[in-house]
Amino acid sequence: MLSSWLYLIAAIIFEVFGTTCMKLSQGFTQTVPAILIFIFYGLSLTFSTLCLQKIAVSVAYSIWSGLGTTLLAIIGIIWFRESITPIKMISISLVIVGVIGLNSGK
């Protein structure tokens, strides 16, 4: 079961890398980030498929999407200098609360 959770963490990390490369590819005009999008998303889908052997799809997907969204929002704020507003911070907090809520109803 531990390996399934490690697979889920890997899937999230690779998805975040892939999405970050989307931004870095500047509309597929930068070759290396454009290629890395496909590599990272392929790895993300591979690891998410492996984690689903032991983790319920509703649990895995809510964690994958919630944590991925949160990490990408933080990366956008820190790395890409996107604006940080009170509503953005509240929304990130609500995503985290929502994931916890979905997974506490087991």
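Some values worked out for this structure:
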quantity	calculated
Label point distance in nm, VAL32-SER91, each placed 7 Å from Cα along Cα→Cβ	3.2
Centre separation in Å (Cα based) which lies between segment 1-28 and segment 36-82	5
Helical segments meeting 24 Å axial Cα length and Kyte-Doolittle 1.6 threshold in the chain (DSSP H)	31-51, 57-78, 86-104
Footprinting exposure proxy for THR29, THR69, THR46 (fewest neighbouring C-beta atoms within 10 Å first)	THR29, THR46, THR69
Length-normalised contact order of segment 2-104 in % [C-alpha pairs under 8 Å, at least 6 apart]	31
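Each value in this text was obtained by applying a stated rule to the coordinates, not by laboratory testing. It should be emphasised that the depicted structure is a prediction, and the values quoted were computed from it without experimental measurement. Methodologically, a virtual Cβ is constructed for each residue, glycine included, from the backbone with ideal geometry; neighbour enumeration extends over all protein chains shown.
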